[in-house]
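Following: one structure in C-alpha cells, then a few remarks.
The values are calculated or read from the model by the stated rules, or taken from the named source; none is laboratory data. Fair warning: this is a prediction, and the values are worked out from it, not measured in the lab. Neighbour counts run over all protein chains shown; Cβ positions are idealised from the backbone, glycine included.
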Amino acid sequence: MRSTLSISIVIHVLVITISIFGLPFLYKAPAKQQKPMVVEVVSIGNKTELPKPAKKDTSKQVKEKKENIIKKKVKKLPQPSIKPIPQNKRTETVSLRKKTKKKTPKVKQKKLKSKTGFTKLARVTPRRKPKPPDPFESVLRNLAQDFDKKTVKKVYKTPKEDKKSKKSDFEAKIAKILANNSTTESETDKVTMTEMDAMINTIRTSIRPCWNLQPGAKGAEDIVVVVRAYLTPDGRVKRAWVANRDLLVNDPFKLAAAETAQRAILNEACQPFRLDPRKYAIWRDVTLNFNPSEMFGK
Amino acid sequence: MMEKIVLFFRDRDAIILAIVAIVLSITSAKAELKVDITRGTVKALPVAVANFVGTNKKEVELGKSITSVISSDLERSGLFRPISQKAFIETEKSLDILPKFQNWRILNVQAMVQGSIVILEGKNIKVQFRLWDVFSQRQMVGQVYTTVISNWRRIAHIIADAIYKRVTGENGYFDTRVVYIAETGSQIRRIKRLAIMDQDSENHHFLTDGKFLILTPRFSPNRQEITYMSYHGGVPRVYIFNIDTGRQEILGDFPGMTFAPRFSPDGNAVIMSMARDGNSEIYTMDLRSRRAKRLTRHSSIDTSPDYSPDGTRVVFNSDRSGTQQIYIMKSDGSDVRRITFGKGRYATPVWSPRGDLIAFTKMRRGKFFIGVIGIDGKGERLLTDGFLVESPTWSPNGRVIMFFRETPKGKFGDKKSKLFSIDLTGQNEREIITPMDASDPAWSPLIP
C-alpha cells in the first residue's frame with residue numbers, strides 16, 4: 001500500500017514538475033550554432049588584449065621580436081613562391097613548402113602558450129593554414145609529371161619485362177609504333193573547332209593590314225591568289241610561295257596581284273602571329289586564299 | 001655488316017614493322033591550316049629609289065635628277081610612297097652589288113630601285129636600273145637604255161613606267177604629254193591658246209598664239225597630231241594641227257558648224273558632230289579619202305562621240321529620250337542603246353583605253369560631277385564634284401582621269417580654272433600645275 005502510494009506520489013511530482021518546467025530538449029540544435037559565436041568573440045577579445053601585457057614583460061618583448069621576425073618570414077614566403085612556377089619545378093617549391101610547414105605552426109603554438117589556456121584559438125588558426133596557393137599548384141605539377149612518367153614507363157617497361165618470348169617482343173614493338181603514332185594524332189585531335197577558328201582569325205587579322213590591294217586594277221575583284229607559307233614556332237613566316245603561280249604568271253595584272261599577296265604574308269610588320277606554340281603542329285603549314293571579292297561587294 | 005642487314009630483312013617481323021611504320025606515317029600526314037583572306041587595305045606601296053650612281057660629278061648630278069623624276073612620278077600616281085633618302089641606311093652602291101635587303105626591310109620598304117649612269121662619247125648616256133622585291137629578295141625588272149643626254153627626263157619617265165608596270169601589272173602613263181587650253185585675260189576678252197606639256201607639267205609651251213578661240217583638243221594615236229575646234233575665220237570648224245610642222249588644216253568643208261572631234265583608234269578617221277538647221281548629228285571622216293559618213297539620223301541633238309578602243313563601237317550623248325543621256329552604237333551607226341538611266345544630265349562620254357568603263361560629266365541640281373560607268377550601264381560611280389567640273393580625259397592606261405575644275409566668280413568677277421587628276425578609284429585627286437588658267441585637257445597616248 002505504501003509502495004503504491006509512494007509510486008503515485010513520485011509520478012504526481014514528476015507530472016507536476018514537467019507541467020511546470022516542461023520536458024527537457026534532448027535535440028537542441030541551437031547549441032551547435034552557439035559554439036562558433038562563442039569562439040569568435042573570445043578570439044577577438046584575446047587579440048585585442050594581447051599587446052597590453054606584452055609591453056610590460058621584457059621576456060615577452062623578446063618573444064615578440066622573434067615572432068615579428070618569423071612573421072616577416074612568413075609574409076615573404078608567398079613572394080618567392082611565385083617565381084619558381086614557370087622556371088624550376090621541384091627544388092625551390094619543395095624547400096618553400098618545408099619552411100612554411102615548419103615555421104607557421106611554431107608561431108601559433110608559441111602564441112597559444114603565451115595566451116595561457118585559450119584552447120579555442122587552436123580552432124581558429126587552422127583556418128588560416130590553407131592560404132598559400134603554392135602547394136596546390138605543385139600538386140598539379142607533380143600530377144602532370146607523374147602522369148608523363150607513367151605513360152612513358154608503361155610504354156617502355158613492357159618490352160623490357162617481356163624480353164623472353166619473341167612474340168611478345170614483336171607485339172611490344174607494334175604497340176610502340178602505334179603508341180608513338182597515337183600520341184601525335186591525339187595532339188591534333190585536341191584542337192577544337194573554336195581553337196581552329198581562333199587560329200584562323202589570328203592569322204587573318206594579322207595579315208589584313210599588310211595586304212595592300214589595288215582596287216583600280218582591271219578585274220582585281222576576280223583574282224584569287226593561293227599562297228602557302230611555312231611558319232616558325234615563334235609565329236614568323238620562314239618561307240612563302242604562290243601556289244597557283246602558273247595560272248597567274250602570264251597575265252601581268254594577275255602576276256602583280258600574286259606578288260602583292262606574297263608580300264602581305266612576308267611583311268614582317270604583321271608578324272609574329274600570336275598563336276599557341278603548343279599547337280605548332282597545326283599551324284606550321286598554312287595555306288592562304290587571298291580573295292578580294294568581298295571588298296568589291298561581291 | 002651486310003649479313004646483319006640481310007638477316008634483319010629476312011626477319012618477317014621486321015618487315016611487318018617497317019610496313020606498319022610507313023603506313024602510319026602516311027596516314028598521319030596532317031591537313032594544312034587554311035585561311036581565307038577576304039579583306040585588305042588600300043595604301044601606297046613603300047618604295048626606295050636610291051640615287052643612280054655615276055663615276056664623275058656630272059654623272060652623279062644627272063643620276064640625282066633622274067632619281068628625282070622617277071620618285072616624283074611614282075609618288076604622284078598615289079600607288080607608291082617613296083621613302084625619304086634621309087632615312088636610308090645603305091648608301092648608293094654599284095648595280096653589281098646585291099642590296100642588303102635587311103636594311104631596307106627595317107624601313108618597311110617593299111620595293112627598291114637602284115641604277116647607274118655612264119656618259120658615253122658623243123653626248124650619249126647609258127642608264128640602267130634594277131627593281132628589287134625586298135621581301136622575296138628577287139629582281140623584278142632590270143633594263144638598260146642608251147640615248148642622247150638631252151633625253152634624260154624621258155628616260156626617267158620610261159623607267160618609272162617600267163616600275164609601275166611591273167608592280168601594278170598595268171602600263172604606266174608617265175612618258176606622256178597633255179595638251180590643253182591655256183586661258184589668260186579678263187572674262188570679257190579671254191585669250192585661249194593651245195598648250196602642251198609633259199604629264200608632270202614640265203616642258204610646257206604654247207602651240208597657238210591665241211588669235212582664234214580653240215576648244216576641245218584631242219591627240220591622235222601617234223601623238224603627232226591634234227584635232228580641235230577653232231573659230232578661225234569666224235565659223236567654228238574642226239581642224240587638225242601637226243605638232244612637228246606647226247601646220248593647221250581644216251577638216252572637210254561642211255555646210256554647218258563642226259565640233260567635238262576625236263580620232264579613231266587607228267588614227268585614220270575623225271569622228272565629230274555637225275550642227276545644221278538646229279539639229280546635230282554624228283559624222284566620221286576618213287582622213288585619207290576625206291569622205292564623210294553620217295552615223296546618226298535623229299531629230300534630237302547627238303554629240304560628243306568617242307570610239308571604243310577596238311574601234312567597233314561609238315559612245316555619244318543624245319537628248320532623244322527627253323534628257324541628255326549616254327548611248328552606245330556600233331561604229332556604223334546601228335544598234336543604238338541607252339546606258340544611263342540615272343537622274344540628271346550626262347555629257348562628254350569618253351571610252352576608257354582599257355575598254356571596260358566610260359567616263360562622263362554629270363549635271364544635277366546645279367552641280368557638276370565627274371563619274372564612270374560600265375559599258376553595260378552598270379556600276380555608275382561619281383568620283384568628284386564641284387561648281388563646274390568637266391571634260392574628262394583618260395590616262396593611256398585607263399587608270400587616271402584628268403579634268404578641269406572651274407571655281408565660281410569672286411568679288412571682282414574673276415574665276416579660276418585648273419586641271420586636276422583623279423584615280424579611277426576616286427582617290428588621289430591632285431592639281432596639275434599649269435602656268436595659267438587651264439581647261440579642256442587631253443591626255444596623249446604612250447609614245448611607242
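Structural remarks
- Per-region count, segment B:26-65, residues of a type in the set (S, T, N, Q), part of a loop (DSSP other than H, G, I, E, B) and modelled with pLDDT of 85 or more: 4
- Taken together, the residues in segment A:265-278 that are within 7 Å of chain B (Cβ to nearest Cβ) and within 12 Å of residue A:240 (Cα to Cα) amount to 2.
- Among the candidates B:246, B:267, B:252, the residue that is closer than 20 Å to residue B:312 by Cβ and part of a loop (DSSP other than H, G, I, E, B) is uniquely B:267.
- Within segment B:406-424, the set of residues being surrounded by 13 or more Cβ atoms within 10 Å (Cβ to Cβ) and either under 13 Å from the mean Cα position of the chain (by Cα) or of a type in the set (A, V, I, L, M, F, W, C) (or both) comprises B:419, B:420, B:421, B:422, B:423, B:424.
- Pairs, first more than 7 Å from chain B (Cβ to nearest Cβ) in segment A:279-294, second part of a helix (DSSP H, G or I) and modelled with pLDDT under 90, C-beta under 6 Å, six or more apart: A:293/A:221
- Given (1) under 17 Å from the mean Cα position of the chain (by Cα); (2) more than 23 Å from residue B:200 (Cα to Cα); (3) surrounded by 23 or more Cβ atoms within 10 Å (Cβ to Cβ), number of the condition residue B:356 does not satisfy: (3)
- Strands (runs of 3 or more DSSP E) enclosed by segment B:129-215 - at least 3 residues per element that are away from chain A (no Cβ under 14 Å), in contact (Cβ under 8 Å) with a residue 12 or more places away in the chain and among the charged types (D, E, K, R): B:191-198
- Residue B:168 being at pLDDT below 95 and out of contact with any helix residue (DSSP H, G or I) (no Cβ under 7 Å at 6 or more places or on another chain): no
- Scanning segment B:121-137 for residues that are among the basic types (Lys, Arg) and surrounded by 13 or more Cβ atoms within 10 Å (Cβ to Cβ), we see that the one that is farthest from the chain's Cα centre (by Cα) is B:126.
- For segment A:250-264, a residue qualifies if it is more than 9 Å from chain B (Cβ to nearest Cβ) and under 15 Å from residue B:167 (Cβ atoms), and exactly one does: A:258.
- The listed residues are B:412, B:403, B:387, and the only one of them that is in the same structural domain as residue B:262 (by TED's automatic domain parsing) and modelled with pLDDT of 95 or more turns out to be B:403.
- Among the conditions (1) at pLDDT below 90; (2) closer than 22 Å to residue B:110 by Cα; (3) facing chain B (nearest Cβ under 9 Å), residue A:207 misses just one, which is (1).
- In the set (1) in contact with a strand residue (DSSP E or B) (Cβ under 7 Å, 6 or more places away or on another chain); (2) of a type in the set (D, E, K, R); (3) closer than 20 Å to residue B:271 by Cβ, the condition left unmet by residue B:345 is number (3).
- Residue tally, condition more than 14 Å from chain A (Cβ to nearest Cβ) and either without any contact (Cβ under 8 Å) to a residue 12 or more places away in the chain or within 26 Å of residue B:176 (Cα to Cα) (or both), over segment B:369-384: 6
- Within segment B:62-120, the set of residues being within 14 Å of another protein chain (Cβ to nearest Cβ), over 31 Å from the mean Cα position of the chain (by Cα) and either buried (at least 21 other Cβ atoms within 10 Å of the Cβ) or more than 23 Å from residue A:269 (Cα to Cα) (or both) is empty.
- Lone qualifier among A:227, A:286 - being of a type in the set (Val, Ile, Thr) and under 18 Å from residue B:110 (Cβ atoms): A:227
- The residue list B:306, B:302 contains one member that is among the acidic types (Asp, Glu), modelled with pLDDT of 90 or more and under 22 Å from the mean Cα position of the chain (by Cα), which is B:306.
Residues are listed down the side, and each one gets a yes or a no for (1) more than 17 Å from residue B:88 (Cβ to Cβ); (2) among the polar types (S, T, N, Q):
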{"site": "B:39", "(1), (2)": "yes, no"}
{"site": "B:44", "(1), (2)": "yes, no"}
{"site": "B:47", "(1), (2)": "no, no"}
{"site": "B:51", "(1), (2)": "no, yes"}
{"site": "B:59", "(1), (2)": "yes, no"}
{"site": "B:64", "(1), (2)": "no, no"}
{"site": "B:68", "(1), (2)": "no, yes"}
{"site": "B:75", "(1), (2)": "no, no"}
